[in-house]
Amino acid sequence: MADEYGTFARYYDWMEPVMVPVRRVLEGAVAKAGCRRVLDVCCGTGTQVAALRREGVRAVGLDLSQAMLNQAVRKGGLCGTALVRGDATRLPFPGAAFDGLILSFALHEKPAPIRRAMLVEAHRVLKPAGRLFVLDYAQPVTIAGRIVLGVLSLVERRAGRAHYRCFREYLQAGGTDALLSSGNWTLLERRSFWKGTAGLYLASFGHTADTKDRRP
Ligand SMILES: C[S@@+](CC[C@H](N)C(=O)[O-])C[C@H]1O[C@@H](n2cnc3c(N)ncnc32)[C@H](O)[C@@H]1O
């Protein structure tokens, strides 16, 4: 099977300056939730995994792309056991193995059935009180947000036709808010980024709790 990120891997970290503040908020959320063992599904070049491990979290990254994983190793700071090659729809881990699971900019680029399969697997490997952290696109409500989305759309378009189609369909369906509220997930907290075009969503499976919506 062709490596979807084969060519892109070496350029992927060029976008990192934009991601740094968002990743910091995610690290804070993982710490606040008290998650000690965390799986970063679709970890890409491993930046988030490395940052969490520096904080003492037992984080493991999983990705399908060997090119992205090679890039993660090349950057340094990650040993082989911190990275696993695998498919997000068939995670090679036993049930209830993790306190936290991250899906960062992974869901928007998949067709709806794959997105659902990824969330089913997330639920399976999370402990009953485990936390799901989703970083992904949201439907902006302001003019500034729509302008930012226009710029982000150009980046997504560069990733290929199939990728771009999924991105558009994801947003038309209501983005991450709609995805999580349509499943059996309870949204515990939501932080907005990039003028409302992306968010960090903290969710747990099943039971209800208060939802906090914080828009900086
Ligand atoms: C947009 S990148 C996000 C990378 C990283 N999570 C981040 O926030 O920078 C999407 C990643 O998902 C990976 N991916 C795509 N389909 C996958 C699958 N079925 N299983 C595991 N990883 C997959 C790609 O190889 C790529 O590294």
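The values are calculated or read from the model by the stated rules, or taken from the named source; none is laboratory data. A quick note: this is a predicted structure, and the numbers were derived from the prediction, not measured. Neighbour counts are summed over all protein chains in view; Cβ atoms, including those assigned to glycine, are modelled from backbone coordinates with ideal geometry. Surface accessibility is based on the protein's heavy atoms, side chains included, excluding ligands, DNA and RNA. Shrake-Rupley method; radii C 1.70, N 1.55, O 1.52, S 1.80 Å.
In table form, for the structure just shown:
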item	result
Any hit, the range 26-39, residues being open to solvent by 70 Å² or more (accessible area, probe 1.4 Å) and among the aliphatic types (A, V, I, L, M)	yes
Yes/no for Thr47 being over 25 Å from Glu169 (Cα atoms), touching a residue at least 24 places away in the same chain (Cβ under 8 Å), open to solvent by 30 Å² or more (accessible area, probe 1.4 Å) and near the ligand (Cβ under 8 Å from one of its atoms)	yes
Meets criteria (open to solvent by less than 30 Å² (accessible area, probe 1.4 Å) and in contact with a Gly (Cβ under 7 Å, 6 or more places away or on another chain)) for Val125	yes
Residues located in the range 1-25, provided they are touching a residue at least 60 places away in the same chain (Cβ under 8 Å), within 9 Å of the ligand (Cβ to nearest atom) and hydrophobic (A, V, I, L, M, F, W, C)	Phe8, Ala9, Met15, Val22
Candidate set from the range 69-111 (those that are away from the ligand (no atom under 14 Å from the Cβ) and assigned to a loop (DSSP other than H, G, I, E, B)); member that is surrounded by the most Cβ atoms within 10 Å (Cβ to Cβ)	Ala97
